[in-house]
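The values are calculated or read from the model by the stated rules, or taken from the named source; none is laboratory data. Computed from a prediction, not measured in an experiment: that's the story for all the values here. Using ideal geometry, Cβ is built from the backbone for each residue, glycine included, and neighbour counts are taken over all protein chains shown. Quick note on the areas: whole protein, heavy atoms, side chains included, nothing else; ligands and nucleic acids left out. Shrake-Rupley method; radii C 1.70, N 1.55, O 1.52, S 1.80 Å.
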Amino acid sequence: MNQTPSTIDISEILQDEEQQYQSYIRQESTMEKKLQYSISANNQIKGNHQQDIYNKEGWLMKKSPKLLVGWQKRYVKIQDGKMQYYKGLDKFKGCVDFHLISVTITPIVKNNEIHEIRLELKGIKKIFQFKSPERNDLEDWYRCIQQHILMTQFYPKITPLNHESMWRFERISETYFRKKADTGDILLFRGQSPLSKIQRAFTGDNFDHVALLLRYNNGELFLFESMGQTGVNLLSWDTFMRNNWHTLYQQMVYRQLEVNRSNEFLEKLEQFVKGSIGKRYQMSPSKLIKRFTKSNESIDDLEKEDKTFFCSELIAAAYKKMGMIDANRCAASYWPGIFAQNSKLQLTKGYLKQELLIDFSLV
């Protein structure tokens, strides 16, 4: 195929896109008005030279807001003007982005040594408290964090308006997402409708819908998904945004797929996409049972003319076609939440990176 390494050719499917989606209605309630703030993508760092800033990572003790829990061991990374912390080495727990919010750092000194570091987030009733297992190392942590705060001090800051959990996700703008997203990446949705809430309560997941991202060879971005009203179909990101469908969701979370996007990878995905368009959406009791069973389901089974898909089954089938997930596991056993970070989904090829919350109020 004559194409760039990370795109697929779906031109014949897209000729009547506007007609395909004039009846595309997402029956979800409208979300509350988003936080109002902006940040300039071209803002230049002032005051500090980038080369003078150093990064740091290692173990710290973080004080839990729950009195009975006390201090907990967390792996902390200070880099790129952000402070990320993890339970263990890989379970993401939070991110304080100094670009977005004003942070005051205070050292608590005892016997001429820094005993504790406190970070206070402006506009939020939240104080982060950290100690170090090696007390003489805490001064270096303090210096490093202080530098990253100073490095970002001239960036426009947000007004959180009691958005207490803003640090639970690392945030990106829609512009950044549009440029970064590539074929095979994942987009997770958390809806607001009663049906979405019931589904999450039943599955115990944070998300109730998932879509696969495709980068067409002219650079345009598409969602490949299965929904009740339309079945399996393609939707351009431009159409999605033009209709303000992003306002129907509490959260939309992006996960980048790190994989070798070879010609074979792209050809298999292209074949699956073209063969799946127009197939019906179905979530049945028999499919629900498959969540708890093994299966001899073949690729041929997934490509049958009468095959139906619910959203996460479709994405699992596409990954299965590309040899990226367990061949012995039925695609219907994958629910939206299994593509979330906390599920620790193991791919046989490549891996899905950390969740990034698309914040549509960032520009």
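Kindly indicate the residue of the stretch 120-131 that is open to solvent by less than 20 Å² (accessible area, probe 1.4 Å) and at pLDDT 90 or above and also farthest from residue 94 (Cα to Cα) among those meeting that condition. If we take residues in the stretch 120-131 being open to solvent by less than 20 Å² (accessible area, probe 1.4 Å) and at pLDDT 90 or above, then 130 is farthest from residue 94 (Cα to Cα). Across the stretch 197-249, the qualifying residues are those that are touching a Cys at 6+ places or on another chain (Cβ under 9 Å) and of a type in the set (D, E, K, R), and the one among them that is modelled with the lowest pLDDT is 208. If you go through the stretch 201-235 and pick out every residue that is under 20 Å from residue 275 (Cβ atoms) and part of a strand (DSSP E or B), you end up with 18. Note on the stretch 95-121: residues that are more than 16 Å from residue 148 (Cα to Cα) and within 25 Å of the chain's Cα centre (by Cα) amount to 0.
Between 145, 117, 101, 149, the distinction of being of a type in the set (A, V, I, L, M, F, W, C), open to solvent by less than 70 Å² (accessible area, probe 1.4 Å), farther than 30 Å from residue 215 by Cα and in a loop (DSSP other than H, G, I, E, B) belongs to 101 only.
Looking only at the stretch 312-352, filter to residues that are touching a helix residue (DSSP H, G or I) at 6+ places or on another chain (Cβ under 9 Å) and among the charged types (D, E, K, R); which one of those is most open to solvent (accessible area, probe 1.4 Å)? Step by step, filter the stretch 312-352, then rank; the result is 349. In the stretch 321-344, the residues that are closer than 17 Å to residue 257 by Cα and hydrophobic (A, V, I, L, M, F, W, C) form Cβ pairs under 7 Å with partners that are assigned to a loop (DSSP other than H, G, I, E, B) and open to solvent by less than 10 Å² (accessible area, probe 1.4 Å), at six or more places apart or across chains, as follows: 340/207. Residues that are in contact (Cβ under 8 Å) with a residue 24 or more places away in the chain, assigned to a loop (DSSP other than H, G, I, E, B) and surrounded by fewer than 18 Cβ atoms within 10 Å (Cβ to Cβ) do occur in the stretch 270-279.
Among the residues of the stretch 244-269, those that are in contact (Cβ under 8 Å) with a residue 12 or more places away in the chain, open to solvent by 50 Å² or more (accessible area, probe 1.4 Å) and over 18 Å from residue 357 (Cβ atoms) comprise 258, 260, 263, 267, 268. Checked against the criterion of being within 20 Å of residue 225 (Cα to Cα), more than 20 Å from the chain's Cα centre (by Cα) and either assigned to a helix (DSSP H, G or I) or among the basic types (Lys, Arg) (or both), the stretch 338-351 has no qualifying residue. Just for the stretch 197-219: of the residues that are under 19 Å from residue 281 (Cα atoms) and of a type in the set (S, T, N, Q), which one is least open to solvent (accessible area, probe 1.4 Å)? Looking at the filtered set, the residue picked out is 203.
Here the stretch 285-337 is the region considered, the condition is being of a type outside the set (S, T, N, Q), assigned to a loop (DSSP other than H, G, I, E, B) and farther than 21 Å from residue 268 by Cβ, and the residue that is modelled with the lowest pLDDT is 294.
A residue that is part of a strand (DSSP E or B) and acidic (Asp, Glu) cannot be found anywhere in the stretch 121-135. Scanning the stretch 152-196 for residues that are in a strand (DSSP E or B) and either open to solvent by 60 Å² or more (accessible area, probe 1.4 Å) or modelled with pLDDT of 90 or more (or both) returns 186, 187, 188, 189, 190, 191.
Among the residues of the stretch 69-86, those that are aliphatic (A, V, I, L, M) and assigned to a strand (DSSP E or B) comprise 76, 78, 83.
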